[in-house]
Amino acid sequence: MKKFILSIVIFFIAIQFIKMDIQEHIDAPKELEIKTSKEIAIILKNSCYDCHSNSVNMPLYGYVAPISWYVRDHIKSGRKVLNFSEFNAYDETTQQKKYEKIIDATVIRMPLPSYTLMHKSSELSYDEKQLIKAWVKSKMQE
């Protein structure tokens, strides 16, 4: 039994050296960041930016494998789907598609339950969802 436990401990220590190639902070010109009102910016930064921007507030568990692999994979996927830090680099057609997805995502599934489990303050209230929806619709009409 001692050998088994020792093997598990050694394995756990060894996997800490396997890192995913995800940068927490990527410098991008400020003019590429999405333009919003202060109220919308606060909501997005609180509920979306950890996975959908170049500036991540990595929690402590985000550095401990194997949980870190899961967290960093979500960040990588999130940035690929929508990156608020580089939103203005998208062409106009792509921006419109992203806006459509923002409405669907905030109403249906975002932020992810696995994220809000550890970050209760990131849950979107009904009013916040309605604000985002109205903001997106106004952006789509521009």
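The values are calculated or read from the model by the stated rules, or taken from the named source; none is laboratory data. Keep in mind that this is a model prediction, so the values were computed, not measured. Ideal geometry is used to build each Cβ from the backbone, glycine not excepted, and the neighbour counts take in all protein chains shown.
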Out of Y126, Y115, sole residue that is touching a residue at least 40 places away in the same chain (Cβ under 8 Å) and aromatic (F, W, Y): Y115
Subset of region 112-142 [outside any helix (DSSP H, G or I) and at pLDDT 80 or above]: E123, L124, S125
Complete set of residues in region 5-30 that are of a type in the set (S, T, N, Q) and at pLDDT 70 or above: S7, Q16
Within region 87-96, is even one residue closer than 30 Å to I13 by Cα and either at pLDDT 85 or above or touching a helix residue (DSSP H, G or I) at 6+ places or on another chain (Cβ under 6 Å) (or both)? no
Subset of region 35-55 (residues that are within 14 Å of H119 (Cα to Cα) and of a type in the set (S, T, Y)): S47, Y49
Looking at region 104-124, which of the residues that are under 11 Å from C48 (Cα atoms) and of a type outside the set (S, T, Y) is surrounded by the most Cβ atoms within 10 Å (Cβ to Cβ)? M110
